[in-house]
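Encoded as C-alpha cells, the structure appears first; notes follow it.
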Amino acid sequence: MTSPTELIPAPRAVEGPGRGTVPLTGDTALCAAPGTGGTERWLRTTLGPALGLPLRPGPEDARDCVRLRLDDALEPEAYRLAVVADRGVEITGGSPAGVFWGAQTLRQLLGPDAFRKAPVRPGEKYRVPHQVIEDGPRFRWRGFMLDVARHFMPKDGVLRYLDLMAAHKLNVFHFHLTDDQGWRVEIKRYPRLTEVGSWRARTKIGHRASPLWEDKPHGGYYTQDDIREIVAYAAERHIAVVPEIDVPGHSQAAIAAYPELGNTDVIDTSALTVWDTWGINPNVLAPTDDTLRFYEGVFEEVLGLFPAHAAEFSAFVHVGGDECPKGQWRRSATAQARIAELGLRDEDGLQSWFIGHFDAWLSARGRRLIGWDEILEGGLAAGAAVSSWRGYAGGVAAARAGHDVVMCPEQQVYLDHRQDAGVDEPVPIGWVRTLEDVYRFEPVPPELTPEEARHVLGTQANVWTEVMEDHARVDYQTFPRLAALAEVAWSDLPAPEERDFADFQRRMAAHYRRLDALGVAYRPPTGPLPWQKRPGVPGRPIDGPPPRR
C-alpha cells in the first residue's frame, strides 16, 4: 500500500488519507458507466492479473466496488479519485482519458505488486486508505520521442514503452521512423524502402570517432499491421502516436533504396548504402517534382496507418526538417534551376519551399505538420507547429509568430545525454543531464507573454539511439529521468529554483520499486551496475558547462 504523498507525478490536491480503508478482494466488483469501457478493460486485464483479482462486473449499488464514471464538469484529462467507506473506490474523469489517468493513480496507491504481470502474494488483501485526490495535467502535450531508426526496437518493445508512458501519464508518442541509418515502416507502393532501406551491413560502436564496429547486419521494420496494432494499443491508453518521416535531410536510407531521390547530378547515388555510422549526413533529397510525388505517396500510406481521430494530437505528422546540409544543392544544377524558377534567394529558401509543400499537402487532408525548429528558417505556414530542440530560441520565435510549440531543448531533455560525469557512464554522450536537471526544467520560456505562452502545447523528452543497442540501454538512458519529465509535464510545479527535489527523491524511492516490478533497467541512483557499463567504448565528451537558463 502506497501513501498518496509517494505518487509520481505529484497530484494537484490530496485530502487524507483517513484512518479507514477500502479492501480489494476477489469479491470486489468493477462498475463501469457508459464511456469508460477502455479503462474497465485495462483494469480487468492489467491490474486484475497483477493482484489475482477477477474484478467482475457488478451493480451500481455494490458495496466496496471500483466505480468508473464521467463528469463533463471536470477538465477533459482531469479526474477525481475518492475512496470512501461503504462506497468503495470511485474514479470520475472529465473524459475517458481522465478516468484512465485516475486508474493509473489507483495502481500506484496499491503498491509495486500492482505493476507485475501475475500475483506474487496469492491471497494478499489489498487495501486503499480513505482519501480524495483531485488531479489534472498542466500541459496537454506530454511526450516521449523514441528513435527506432538508428537502432531498431521490435514491436513488443514499443508496446512496452507505451505501457511505461501510460504509467507516467504521458500522452504523445513521437515515433522517429526514418533516418540515414534505417527506414522502419512498410510502404507498399515502394517496397525497396524496407527491402533495402531497413537494414545496414554493420554498425559503428560508440561515438562516430570510435574505431570500433559491430560487423554484422542490423535492421528491422514494422509491417503495416504492426503499425495499426501500435496505434490501436496506444489509443486504448489515450496516447497519440505522431509519426516522423524525415525530409529533406536524414534520408540516406531512402536514397539507398531509390537512388533517383538523391542529387544524381552531383554524386553517384547508386553507390550509396544505408549509413552505418553517426553524425550529419551530406546526402539529402533532390528538390525535384519526382521527389515530391514519391513522398506524397509515402505520406498517403502514412496517413492511412495513423488516423487523425485516434487520440488528441493524432492529426500531427512530423516531417523532421532538421540538419539538412546544403552542399549538394549548391553544386547541383537541378537544385539551382529550381531556386531560380521559384525566385528563391538561396538554398535555405529551397528547404523552406520543400517543407512548405508538405505543410500545404497535409493541411489539405486535415492534418497538421510539425517539424524541428529549423523549419522556421524562411517562413512557415500558420497551421504548422514546431519542436524546439536547439535550446529555447526556436520555441520563443515560433510562439511569437503564432505557431504552436513543443519544448524539447537538447540541453535539458535529450535523454541520450549522459546522466553523470563519472568514468563508468556507458558510452557518455553530450552534456551531463542529471535527474535533478530534468526535474528543474521549465518548458515555458519566461520571456513569453501570457498570450504567447498559450502556444506552448507542452513538452517531451527525446531519446536518440545511436549508442543504445537494445532495450536495456534505452531503459538505462530513459529512466529515472523520464519520471522527472513526466512530473514537469503533468504537475503544477513552482519555479525551477523553488522545486523540492528532495521530496521528489523521496517519492522516487517508492517509484524505483514500481520500476523494478515492471522490469525497467533504469540507472540506479548510486551509478551503473556492472553489466550496465561499456568499458572501452568511447563517447563524445563536451568540455564546459551546457547553456542554462
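The values are calculated or read from the model by the stated rules, or taken from the named source; none is laboratory data. Nothing here was measured: the structure is a model prediction, and the numbers come from that model. When we count neighbours, we look across all protein chains shown, and the Cβ atoms used for this are built from the backbone with ideal geometry, even at glycine.
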Tally up the residues in the stretch 30-57 that are more than 31 Å from the chain's Cα centre (by Cα), farther than 18 Å from A118 by Cα and surrounded by fewer than 19 Cβ atoms within 10 Å (Cβ to Cβ), please.
1
Tally the residues that are β-branched (V, I, T) and crowded, with 21+ Cβ neighbours inside 10 Å, restricting the search to the stretch 68-85.
1
Report, by residue number, each residue of the stretch 33-56 that is touching an Asp or Glu at 6+ places or on another chain (Cβ under 7 Å) and in a loop (DSSP other than H, G, I, E, B).
none
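Being of a type in the set (D, E) and more than 21 Å from H174 (Cβ to Cβ) is the filter here; which residues of the stretch 438-468 pass it?
Keep residues of the stretch 438-468 that are of a type in the set (D, E), which gives 442, 447, 451-452, 466.
Residues satisfying the conditions are E447, E451, E452.
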Quick one: W464 ticks every box in (1) touching a residue at least 60 places away in the same chain (Cβ under 8 Å); (2) of a type in the set (F, W, Y); (3) within 16 Å of A521 (Cα to Cα) except a single one, so which number is it?
(3)
Just give me the residues in the stretch 277-333 being of a type in the set (A, V, I, L, M), out of contact with any Ser or Thr (no Cβ under 7 Å at 6 or more places or on another chain) and within 24 Å of G394 (Cα to Cα), in sequence order.
I280, A315, V317, V319
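Taking the conditions exactly as written (free of Cβ contacts under 8 Å to residues at least 24 places away in the same chain and either in contact with a Leu (Cβ under 7 Å, 6 or more places away or on another chain) or closer than 27 Å to A483 by Cβ (or both)), does T45 satisfy them or not?
On the way: free of Cβ contacts under 8 Å to residues at least 24 places away in the same chain: yes; either in contact with a Leu (Cβ under 7 Å, 6 or more places away or on another chain) or closer than 27 Å to A483 by Cβ (or both): yes.
Answer is yes for this residue.
What are the residues in the stretch 129-153 that are among the hydrophobic types (A, V, I, L, M, F, W, C), more than 21 Å from L518 (Cα to Cα) and not in a loop (DSSP other than H, G, I, E, B), if any?
Taking the stretch 129-153 first, the residues among the hydrophobic types (A, V, I, L, M, F, W, C) are 132-133, 139, 141, 144-146, 148-149, 152-153.
Still in the list and also more than 21 Å from L518 (Cα to Cα): 132-133, 139, 141, 148-149, 152.
If the condition is that a residue be among the hydrophobic types (A, V, I, L, M, F, W, C), more than 21 Å from L518 (Cα to Cα) and not in a loop (DSSP other than H, G, I, E, B), then V132, I133, W141 are the ones that fit.
For A271, state whether it is free of Cβ contacts under 8 Å to residues at least 40 places away in the same chain, farther than 18 Å from R184 by Cα and surrounded by fewer than 22 Cβ atoms within 10 Å (Cβ to Cβ).
Values: free of Cβ contacts under 8 Å to residues at least 40 places away in the same chain: yes; farther than 18 Å from R184 by Cα: yes; surrounded by fewer than 22 Cβ atoms within 10 Å (Cβ to Cβ): yes.
So A271 fits the description; yes.
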Taking E236, is it more than 27 Å from A384 (Cβ to Cβ) and in contact with a Gly (Cβ under 6 Å, 6 or more places away or on another chain)?
yes
Inspect the stretch 314-322 for any residue being in contact with a Lys or Arg (Cβ under 9 Å, 6 or more places away or on another chain), assigned to a strand (DSSP E or B), surrounded by 18 or more Cβ atoms within 10 Å (Cβ to Cβ) and at negative phi and give the result as yes or no.
yes
So H403 ticks every box in (1) under 26 Å from A385 (Cβ atoms); (2) touching a residue at least 60 places away in the same chain (Cβ under 8 Å) but one. Which box is left unticked?
(2)
Filter the stretch 433-449 for residues that are within 21 Å of the chain's Cα centre (by Cα) and among the hydrophobic types (A, V, I, L, M, F, W, C); which is surrounded by the most Cβ atoms within 10 Å (Cβ to Cβ)?
F441
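Quick check on G279: is it part of a loop (DSSP other than H, G, I, E, B), touching a Cys at 6+ places or on another chain (Cβ under 7 Å) and either in contact (Cβ under 8 Å) with a residue 12 or more places away in the chain or under 27 Å from G102 (Cα atoms) (or both)?
Working: part of a loop (DSSP other than H, G, I, E, B): yes; touching a Cys at 6+ places or on another chain (Cβ under 7 Å): no; either in contact (Cβ under 8 Å) with a residue 12 or more places away in the chain or under 27 Å from G102 (Cα atoms) (or both): yes.
Answer is no for this residue.
For (1) at pLDDT below 95; (2) closer than 21 Å to D290 by Cβ; (3) not assigned by TED's automatic domain parsing to the domain that holds F306, each residue gets a yes or a no:
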residue	(1), (2), (3)
R338	no, yes, no
H357	no, yes, no
G366	no, no, no
E377	yes, no, no
Does the stretch 4-16 hold any residues that are over 10 Å from I133 (Cβ atoms) and either of a type outside the set (G, A, S) or at pLDDT below 95 (or both), and which are they?
T5, E6, I8, P9
Consider the stretch 17-32. How many of its residues are over 11 Å from P57 (Cα atoms) and either part of a loop (DSSP other than H, G, I, E, B) or among the acidic types (D, E) (or both)?
6
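With the stretch 467-528 as the region, which helices (runs of 4 or more DSSP H) entirely inside it contain at least 2 residues that are small (G, A, S)? Before you say what the answer is, go through the steps one by one.
On the way: elements: 471-478, 481-490, 501-518.
Here the list reads 481-490, 501-518.
Hey, can you tell me all the residues within the stretch 425-456 that are over 15 Å from V405 (Cβ atoms) and in contact with a strand residue (DSSP E or B) (Cβ under 8 Å, 6 or more places away or on another chain)? Can you show your working first?
Kept after step one, since they are over 15 Å from V405 (Cβ atoms), are these residues of the stretch 425-456: 425-440.
If the condition is that a residue be over 15 Å from V405 (Cβ atoms) and in contact with a strand residue (DSSP E or B) (Cβ under 8 Å, 6 or more places away or on another chain), then P428, I429, G430, R433, V438 are the ones that fit.
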Would you point out which residue out of G371, G395, G402 is among the small types (G, A, S) and surrounded by fewer than 21 Cβ atoms within 10 Å (Cβ to Cβ)?
G402
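For the stretch 231-242, check the following and say yes or no: at least one residue is assigned to a loop (DSSP other than H, G, I, E, B), under 30 Å from G539 (Cα atoms) and not basic (K, R).
Start the filter on the stretch 231-242 by keeping residues that are assigned to a loop (DSSP other than H, G, I, E, B), which leaves 237-239.
Still in the running and under 30 Å from G539 (Cα atoms): none.
No: the stretch 231-242 contains no residue that is assigned to a loop (DSSP other than H, G, I, E, B), under 30 Å from G539 (Cα atoms) and not basic (K, R).
Out of the residues in the stretch 459-488 that are β-branched (V, I, T) and under 14 Å from the mean Cα position of the chain (by Cα), which is surrounded by the most Cβ atoms within 10 Å (Cβ to Cβ)? Give the derivation first.
Just the residues of the stretch 459-488 that are β-branched (V, I, T), to begin with: 459, 463, 465, 467, 474, 478, 488.
Then keep just the ones that are under 14 Å from the mean Cα position of the chain (by Cα); that gives 459, 463, 465, 474, 478.
Values: T459: 28, V463: 23, T465: 22, V474: 23, T478: 25.
Only one residue fits best here, namely T459.
With free of Cβ contacts under 8 Å to residues at least 60 places away in the same chain and either surrounded by fewer than 22 Cβ atoms within 10 Å (Cβ to Cβ) or assigned by TED's automatic domain parsing to the domain that holds T28 (or both) as the only criterion, which of G111, G98, G88 stands out? Steps first, answer last, please.
Values: G111 fails: free of Cβ contacts under 8 Å to residues at least 60 places away in the same chain; G88 fails: free of Cβ contacts under 8 Å to residues at least 60 places away in the same chain.
Only one candidate passes the filter, namely G98.
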